[in-house]
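Q: First, the structure itself, so that you have it in front of you.
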Amino acid sequence: MIKTPPIASMTDAFSVKGKNVVVTGGNRGIGLGISRAFAQSGANVVILCRNESSGAAVADSLKEYGGRYAGFGCDISDHAAVVAAAKKVYGFFDHIDVLVNNAGVATTTPFLSEKGLDEWHRVINTNLHGVANVVHELVPGMRDSGLGGSIINISSVGGQRVSNSKDHENSPYNVSKAGIDIFTRYLAIVLGDYGIRVNCIAPGPTHSDLDADLPPSAIEMVEKGMPAHRFGEPIEIGAMCVFLASPAGVQITGLVAQHDGGLMCIS
């Protein structure tokens, strides 16, 4: 049983320098903000994403921060692809300290209007099954290393509220993100003995590639009704990831934390 010691002082309490970090979907949107936040904080970063050239380009752009970076192609909804990517990751890193499950997709297709269930399965297969695939293939190495670590899942306040579903149809997204919240708590329990902490960040309105899918009513609600009166930025999600992965966060596990500018306070 591994018990991670508490911090003794604030010296390096928030440091992730030298940690080996894997970020799925780390080439754009919120994932890019997370990748940059870790790189700027001194960590080494591997990006897993469908577009390998994009991931490699982002990895190359991070070199100014002085760490080790790589981008590998991987469709996390495809278990065989994750198995292959895991071999590349463990060929690049001798161990993983931090895993961020960020990759995800959404839809605007009304569930009952689908002629089939293609959209439902596409979203669930990436957002929920994809996280399971990555955890199944990468986490045993973290567990067996004896070094402990941190897993951070990115869900959404959409997993906790569906109040604007008439304007913004996204039911498989809502379901998948709710599943991630529960999966986080399960993993926190079963991995605690190995010194691995598992937490989840649930972003509210945050600038990403999904912005274009938002209805005008959602944008108006953010600008007028939400306490923060603005969208979050990807780097802010990255900053929270860095905190959770740092020594300052060693007593935090099983948490699903809203990062939503106060959205859940008003709805």
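Nothing in this text is a laboratory measurement; each read-out follows from the coordinates by a stated rule. Values in this document were obtained by computation on a predicted structure and should not be read as measured data. A quick note on method: Cβ atoms are made from the backbone with ideal geometry, for glycine too, and the neighbour counts reach across all protein chains shown.
Q: Can you compute the helix-only [θ] at 222 nm over the chain? Use -39500 (n - 2.57) per DSSP H run of at least 4 residues, normalise by all residues, nearest 500 deg cm²/dmol.
A: Numbers: 9 runs with 105 residues, N = 267.
Dividing the helical sum by the residues of the chain leaves -12000 deg cm²/dmol.
Q: Among THR11, THR24, THR126, which one moves the most in a GNM of the chain with springs linking Cα atoms closer than 10 Å?
A: Answer for the Gaussian network model of the chain: THR11.
Q: To the nearest 20 debye, what is the magnitude of the charge dipole of region 51-167 about its Cα centre, counting +1 on the Cβ of each Lys and Arg and -1 on the Cβ of each Asp and Glu? Kindly include the intermediate steps, with their values, before the conclusion.
A: Details: 9 positive and 13 negative charges, 36 e Å.
Computed about the Cα centre, the dipole is about 180 debye.
Q: Counting only residues 5 or more places away or on other chains, whose amide H sits under 5 Å from the amide H of HIS259 once H atoms are built in the peptide plane?
A: Amide H neighbours of HIS259, under 5 Å, 5+ apart: ALA202, GLY204.
Q: A further question follows. How large is the dipole of region 113-267 about the Cα centre if only Lys and Arg carry +1 and Asp and Glu carry -1, each at its Cβ, rounded to the nearest 20 debye? Don't skip to the end; give the middle numbers.
A: Numbers: 10 positive and 17 negative charges, 88 e Å.
In total the dipole reaches around 420 debye.
Q: Related question: Taking the Cα centre of the chain as the origin, how large is its charge dipole in debye, to the nearest 20, when only Lys and Arg (+1) and Asp and Glu (-1) carry charge on their Cβ atoms? Please list the in-between numbers first.
A: On the way: 20 positive and 25 negative charges, 113 e Å.
It comes to approximately 540 debye.
Q: Could I ask something else about it? Taking the Cβ of LEU191 as the center, what net charge do the other residues with Cβ under 13 Å away carry, scoring Lys and Arg +1 and Asp and Glu -1? Before the final figure, lay out the partial values.
A: Values: positive: ARG143, ARG185, ARG197; negative: ASP144, ASP193.
Charge balance in the 13 Å sphere: +1.
Q: Report the trypsin sites (Lys or Arg not before Pro) located in region 1-104 that are in a DSSP loop and have at most 16 other Cβ atoms inside 10 Å of their Cβ, or state none. Walk me through the numbers on the way to the answer.
A: Numbers: sites: LYS3, LYS17, LYS19, ARG28, ARG36, ARG50, LYS63, ARG68, LYS87, LYS88; in loops: LYS3, LYS17, LYS19, ARG28, ARG50, ARG68.
For trypsin sites (Lys or Arg not before Pro) across region 1-104 that sit outside H, G, I, E and B with at most 16 neighbouring Cβ atoms in 10 Å, the list reads LYS3, LYS17, ARG68.
Q: Would you calculate the volume per residue, in Å³, of the smallest convex hull containing every Cα atom of region 1-49? Intermediate values should be presented prior to the final figure.
A: Working: hull volume 4.8 nm³, N = 49.
Here the figure is 99 Å³ per residue.
Q: Shifting gears a bit: Using only alpha carbon pairs under 8 Å that are at least six residues apart, calculate the relative contact order of the chain and give it in whole percent.
A: Working: 560 pairs, mean separation 62.2, N = 267.
Across the chain, relative contact order equals 23 percent.
Q: Anything over 25 Å Cα to Cα? Flag those among LYS3/LYS63; LYS3/LYS87; LYS17/LYS177; LYS19/LYS87; LYS3/LYS88; LYS88/LYS177, in the order listed.
A: Values: LYS3/LYS63 34 Å; LYS3/LYS87 29 Å; LYS17/LYS177 30 Å; LYS19/LYS87 19 Å; LYS3/LYS88 30 Å; LYS88/LYS177 28 Å.
With Cα atoms farther than 25 Å apart: LYS3/LYS63; LYS3/LYS87; LYS17/LYS177; LYS3/LYS88; LYS88/LYS177.
Q: Over 34 Å, how big is the tail of the calculated P(r) for the chain, in percent of all Cα pairs? List each step's numbers first, then the result.
A: Details: 5235 of 35511 pairs.
Counting every Cα pair in the chain, those more than 34 Å apart make up 15 percent.
Q: Now for a different question. As an exercise, identify the GluC sites (Glu not before Pro) in region 92-163 lying in DSSP coil whose Cβ has no more than 14 other Cβ atoms within 10 Å.
A: Numbers: sites: GLU114, GLU119, GLU137; in loops: GLU114.
Filter output for region 92-163: GLU114.
Q: Of ALA13, ALA39, GLY25, which is farthest along the charge dipole of region 1-118 in the positive direction, counting Lys and Arg as +1 and Asp and Glu as -1 at C-beta?
A: Sorting the options by dipole projection puts first ALA13.
Q: Then there's this: Calculate the radius of gyration of the Cα atoms of region 115-267 to one decimal place, then report Dmax, the largest Cα-Cα distance, as a whole number, both in Å.
A: Final numbers for Rg and Dmax: 16.5, 50 Å.
Q: Additional query: To one decimal place, what orientation-averaged projected area in nm² is obtained for the convex hull of the Cα set of region 75-186?
A: Numbers: hull surface 30.0 nm².
So the Cα hull casts an average projection of 7.5 nm².
Q: Another question about this same structure. Work out the charge dipole of the chain with +1 on the Cβ of Lys and Arg and -1 on the Cβ of Asp and Glu about the Cα centre, then indicate which of SER77, VAL162, LEU214 is farthest towards its positive end.
A: The Cα lying farthest towards the positive end belongs to SER77.
Q: What residue among ILE124, ILE154, ILE182 shows peak mean-square fluctuation when the chain is described by a Gaussian network model with Cα springs under 10 Å?
A: Per the Cα network of the chain with a 10 Å cutoff, ILE182 tops the list.
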